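All of the numbers you see were taken from the coordinates with simple rules; none came from a lab. The shown structure was predicted, so the numbers you read here are calculated from the model rather than taken from an experiment. When we count neighbours, we look across all protein chains shown, and the Cβ atoms used for this are built from the backbone with ideal geometry, even at glycine.
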Amino acid sequence: MSTQTQHQTNTARQSSIKRWLGLGTWNPQQQSVAYLFLLPSLLGFLVFVILPAVGSLALSFFEWKLTNTPSFVGLENYVELLTNDAIFPIVLGNTVFYVFAIVPLQLIIGLVMAVALNTGVRGLGIYRVIYFMPVVTNVVAAAMVFQWLFNQDFGLISSWIWQLADATGWNIQPPNWLADPFWSKPTVAVLTIWKNVGFTMVIYLAGLQGIPEELYEAARVDGANAWNRFRSITVPLVSPTTFFLLIIQMIGAFQLFAEPFVMTRVGGGEPLQATLSIVYYIYQNAFNYQKMGSAAAISWVLFGIIFVITVFQLRMQRRWVHYEVDES
Amino acid sequence: MTLERHTPPRPFRWRHVLLHVGLIIGSLIMLLPFFWMLSTSLKQPSELFTYPPTWIPENFAWKNYEDALSAMPFDRFYFNSLFVAASVMIIQVFTSSLAAFAFARLRFKGRDTIFMIYLAALMIPFPVLLIPNFIIVINLDWYNTYWALIVPPAFSAFSTFLLRQHFLTLPMDLDEAARMDGASSLRIWWNIIMPMSKTAIAAVSIFIFLNTWNDFLWPLVVTNSEEMRTVPVGLNSFQGQYNVRWNLLMAAAVVAMMPVLIVYAFAQKWFIRGIAISGMGGR
């Protein structure tokens, strides 16, 4: 590296540090007015975001049942949670199941829907409206409908299985979906996928529209069939969208709450904690057992998991995400 | 383009027919829960448990709706949801557009540092903030009030970030020219930047409104009386009381879903756009 370029990088670094500290770039005339603009948002942000964030970290080192005076217990809540809590590993396992069941299926189904709609097929608008409909519906109402769909004795899905058994003579019968330790999680996942796949599809549609049609034309001329075109043009070129969806949907799936809460709390109950998610467990600790400190500790463990996975994905993206600009 | 427009050969059309078949099957799967909900909501109790289940009820039991609506004050739930969602939306759009204007168009000491803190806060999952916010609400004596339902959710770094990204795309010359003419920052914000960002503002507004409208965890935690419940929380307690009377439960679910779906039917482009734009972080 020549001295000149080194000097340039040094000045660049200095100016970026300056910018970071907010030095030199500010306009004295705009100083007070800018803070006035910022004030309402900043005030709310400090009180309802920053203070709670700091507060919950602090709270996680205390034992507090809301009524007594908080007592400092150091890392006890964390130690208890990770070594002595019989339920937490189950809850963690359930949540990991949700993430691995929901996210890939949602991405695959959403991409397939988007590709089908991106072929210039007629009625795109109508299909899009229908597929997107569950996204705007209320999650509690949707969870109730699925609870009824998957009712063991009289639900539609069960009745189909009975009908299949009648028609074929097979000895099959529907499980008690939501009260069954094995089937309850997939049932919750089905609701979540149904509810969110329209969002995935819409984002994918936007991503697909950025792929130049000429690439497909060229591949067609070269004799590539539909599957090959999909595999070697669509999938790599839509990978920035996939990456984005992967990140936000993993973050979302780790925070699943309303779906298992509404579907398995009433009638059937939680089958041996089989549907309990991390956030559901935070809710139980805080609002059923009044263990505020442990609840806060769990929320920070959740944050830690999400953080590590997101950072991991950001690092892995080079391996599979194709940004056109980077490649040239 | 110099190439002649590509006309699809005949087998290509067949593919479109197949495509439609697939898309229609997909649509039926997506719509099935809605049909099942509607069908059940109109059934007599005796018809709930027939095998095989019927899709069209023998005689329409409209009374289910009467019973569901009189069992709980759904009108009050609706008012609460509407009032809360609208208030959160207005406060949030107002405060975050002001802040976004400062971040994008003004130069002041500490701007980038404060903005980085906003960005960092975007990563904090809501459950982390849940318990301290609950404690704050208790200490402010806001438990079971509209204050609790509206004020804490009205502040999110997300819409500030989104609007800032959008404001950055507008040319700076606009501000310079207006300042030459003696316009104040407030005027520039209200008369130039805001009108030029209508689409972005609309997208963010729909996103905030729908998120607040459908939110469940926060209103569940900060309310305990019937008259303070929003639609999702009210529905949840209805489910707790009538837990095997599926016809009533489905009628209540229809009541909870329908108005939003009707608005969606008329403004679907805005809904999809609003959620897609916001969901993608304003790109």
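Rounded to the nearest 0.05, what FRET efficiency is calculated for B:Leu82 and A:Asp222 with R0 set to 41 Å and r the Cβ-Cβ distance?
For R0 = 41 Å, the calculated efficiency reads 0.10.
Wrap a convex hull around the Cα atoms of the protein assembly as shown, take a quarter of its surface area, and give that in square nanometres.
If you wrap the Cα atoms of the protein assembly as shown in a convex hull and average its projections, you get 35.8 nm².
Which of the lysines could a cross-linker bridge to A:Lys195, judged by Cα under 20 Å and excluding same-chain residues fewer than eight apart?
A:Lys185, B:Lys269
Using the Karplus equation 6.51 cos²θ - 1.76 cosθ + 1.60 (θ = phi - 60°), what ³J(HN,Hα) coupling, rounded to whole Hz, does each residue of the stretch B:262-271 give in order, writing x for Gly and Pro?
5, 4, 4, 4, 8, 10, 4, 4, 5, 4
Distance between the C-alpha centers of the stretch B:191-230 and the stretch A:90-143? Whole Å please.
The stretch B:191-230 and the stretch A:90-143 have Cα centres separated by 23 Å.
Under a 5 Å amide H to amide H cut-off, with H placed in plane at 1.01 Å, what residues pair with A:Phe62 once short-range neighbours are removed?
A:Val73
In deg cm²/dmol, rounded to 500, what helix-only [θ] at 222 nm does chain A give when every DSSP H run of at least 4 residues adds -39500 (n - 2.57) and the total is split over its residues?
Dividing the helical sum by the residues of chain A leaves -21000 deg cm²/dmol.
Among A:297-304, B:184-191, how do they line up by average Cβ neighbours within 10 Å per residue, starting with the highest?
On the way: A:297-304: 22.2, B:184-191: 16.0.
So the peptides A:297-304, B:184-191, ranked by packing, come out A:297-304, B:184-191.
Can you give the charge dipole size of the protein assembly as shown about its Cα centre, rounded to the nearest 20 debye, using +1 on the beta carbon of Lys and Arg and -1 on the beta carbon of Asp and Glu?
Around 1380 debye, computed over the protein assembly as shown.
Under the definition of Cα pairs under 8 Å and six or more residues apart, what whole-number percent is the relative contact order of chain A?
Relative contact order, chain A: 26 percent.
Could you give each residue of the stretch A:38-53 its phi-based ³J(HN,Hα) in whole Hz, using Karplus coefficients 6.51, -1.76, 1.60 with θ = phi - 60°, and x for Gly or Pro?
3J(HN,Hα) across the stretch A:38-53, in whole Hz: 6, 3, x, 5, 5, 4, x, 4, 5, 6, 9, 10, 5, 4, x, 5.
Quick one: go through the stretch B:124-144 and flag any residue whose amide nitrogen is under 12 Å from the point 7 Å out along the Cα-to-Cβ line of B:Ser225.
Residues passing the 12 Å test: B:143-144.
Under 20 Å from a point 7 Å along the Cα-to-Cβ line of A:Gln29: which residues of the stretch B:71-114 have their amide N that close?
Residues B:101-111 qualify, since their backbone N sits under 20 Å from the label point.
As a test of the formula, what do you get for chain B when each DSSP H run with n ≥ 4 contributes -39,500 (n - 2.57) and the sum is divided by the residue count, at 222 nm and rounded to the nearest 500 deg cm²/dmol?
-22000 deg cm²/dmol
How far apart, in nm, are the 7 Å Cα→Cβ label points at A:Leu272 and A:Val54?
4.6
Tell me, what is the percent relative contact order of chain B, built from C-alpha pairs under 8 Å that lie six or more residues apart?
30
Mind checking the mean number of beta-carbon atoms from other chains within 10 Å of the Cβ atoms in A:284-296?
2
Rounded, prolate or oblate, given the Cα gyration tensor of the stretch B:52-102, with a/c below 1.5 counting as rounded?
On the way: a/c = 7.35, a/b = 2.80, b/c = 2.62.
It is prolate, given that a/c is not under 1.5 and a/b is the larger ratio.
Report, as an integer, the average count of C-beta atoms from other chains found within 10 Å of each Cβ along B:243-250.
Partner-chain Cβ atoms within 10 Å, mean over residues of B:243-250: 3.
Quote the FRET efficiency, to the nearest 0.05, computed for B:Ile90 versus B:Lys63 with a Förster distance R0 of 35 Å and r equal to the Cβ-Cβ distance. Let's see the in-between values first.
Working: r = 39 Å, r/R0 = 1.11.
Once the sixth-power term is evaluated, E becomes 0.35.
Taking the alpha-carbon distance from B:Lys63 and a cut-off under 28 Å, which lysines remain once sequence neighbours fewer than 8 residues away in the same chain are dropped?
B:Lys43
Residue-wise, which Karplus ³J(HN,Hα) couplings in Hz belong to the stretch B:118-124, taking 6.51 cos²θ - 1.76 cosθ + 1.60, θ = phi - 60°, and x for glycine or proline?
Karplus-based 3J(HN,Hα) across the stretch B:118-124 equals 4, 4, 4, 5, 4, 7, 6 Hz.
In what sequence, highest mean first, do B:170-176, A:148-154 appear when ranked by Cβ atoms within 10 angstrom? Walk me through the numbers on the way to the answer.
Details: B:170-176: 12.3, A:148-154: 19.0.
Final packing ranking: A:148-154, B:170-176.
Averaged over its residues, how many other protein chain Cβ atoms are within 10 Å of peptide B:95-102's Cβ atoms?
Rounded to a whole number, the mean comes out at 6.
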